[in-house]
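These notes are about the structure you will find just below.
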Amino acid sequence: MELSLIKSLKKTIKHWYIPLLVGIFFIIVSVVSFAWPESSLLALSLLFAFSFLFGGLSEIVFSLANRVQLDNWGWSLAFGIVTSIVGILLLLNPALSITTLAFYIGFVVLFRSISTIGFAMDIKKYGSKNWGALLVLGIIGTIVAFILIWNPIFAGLSVVILIALSFLFAGLFNIFLSLQLRKLHKSSKKISAKLVEKYEDLMKEIREEWND
């Protein structure tokens, strides 16, 4: 079986900048939430709804564009679909209670944080020096998500601040991911056709050995 990282290097990553744009947008949403936490719940709900819808659709486009290049594109597609659904639900019913809003957002953040931890473990296997920062983001995001889902002691502005933190961590993750994909994008262009051919021949020999 081919190593995922080597396999992905064989083809250029497409639209690596999409997670970067989503990350910047999420951080802007976080800053707005921090700056005006006293805004009406309806306004915040609509802001979060459009954020999730934009992020989800972007994730879907990115995953489908790279379904050949990336082995784990299905997880990215699933996350994009879930995020888009949450965004649509918030748009259809923006007048939610703060508890319900926190539950929706906490669920998405939990899903993202767990995948972040898994991604950190994956890039650690390939010798990346940046896996630790990604792991920390995933752990903190998971803790915040659990608080949002089961928040018996937090209410009012406290929940808004937690939601803002969630968007902040999601934004940082997307930016970090985009930078890693950019490195992969640049590396794939540097691989010579001759080296790829050698790799193909080696994998063919390995498969033949396994089948004997």
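Working carefully through the options ILE18, ILE6, ILE13, ILE27, find the one that is modelled with pLDDT of 85 or more and either surrounded by 14 or more Cβ atoms within 10 Å (Cβ to Cβ) or closer than 16 Å to GLN180 by Cβ (or both).
The unique qualifying residue is ILE27.
May I ask you to list the residues in the stretch 41-58 that are polar (S, T, N, Q) and either over 21 Å from ILE88 (Cβ atoms) or at pLDDT 85 or above (or both)?
Passing the criteria: SER51, SER58.
Check whether at least one residue in the stretch 59-82 is buried (at least 18 other Cβ atoms within 10 Å of the Cβ), under 19 Å from PHE176 (Cα atoms), at pLDDT 85 or above and of a type in the set (S, T, N, Q), and report yes or no.
Within the stretch 59-82, not a single residue is buried (at least 18 other Cβ atoms within 10 Å of the Cβ), under 19 Å from PHE176 (Cα atoms), at pLDDT 85 or above and of a type in the set (S, T, N, Q).
The values are calculated or read from the model by the stated rules, or taken from the named source; none is laboratory data. This one's a predicted model, so the numbers in the text were calculated from it and none came from an experiment. Glycine also receives a Cβ, built like all others from the backbone with ideal geometry; neighbour counts cover every protein chain displayed.
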